Amino acid sequence: MASLGERLRRQRERQGISLADIAAETRISRRYLEALERDDIRTLPGTLFAKSFARQYASLVGLNE
């Protein structure tokens, strides 16, 4: 089964959305979006933020939050 980061990246790429587009829409730093796609939780500013960022990203690309 694919990790959360892999699922987010695949869905984003299927829709032809760039990370810059996601960053602009969500106002989440591209650095944090890249960390989400790599499943690099340590780079994120905390668990609460990680969950919020993942939910916003998933919602934007049409995945179930």
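The values are calculated or read from the model by the stated rules, or taken from the named source; none is laboratory data. This structure is a prediction, so every number in the text was calculated from the model and none was measured. Every residue, glycine among them, receives a Cβ derived from its backbone with ideal geometry; neighbour counts consider all protein chains shown. In case anyone asks, the SASA skips ligands and DNA or RNA and just uses the protein heavy atoms, side chains included. Shrake-Rupley method; radii C 1.70, N 1.55, O 1.52, S 1.80 Å.
Considering only residues in segment 38-50 that are on the phi < 0 side of the Ramachandran plot and in a loop (DSSP other than H, G, I, E, B), the one that is most open to solvent (accessible area, probe 1.4 Å) turns out to be R38.
Number of residues in segment 2-19 that are open to solvent by 30 Å² or more (accessible area, probe 1.4 Å) and either under 20 Å from R42 (Cβ atoms) or among the charged types (D, E, K, R) (or both): the value is 8. Consider I17 carefully, then state whether it is under 12 Å from the mean Cα position of the chain (by Cα), outside any loop (DSSP other than H, G, I, E, B) and within 12 Å of V61 (Cβ to Cβ). No, not satisfied. When A24, A54, A35 are checked against the criterion of being surrounded by fewer than 16 Cβ atoms within 10 Å (Cβ to Cβ) and modelled with pLDDT of 95 or more, A24 stands alone in meeting it.
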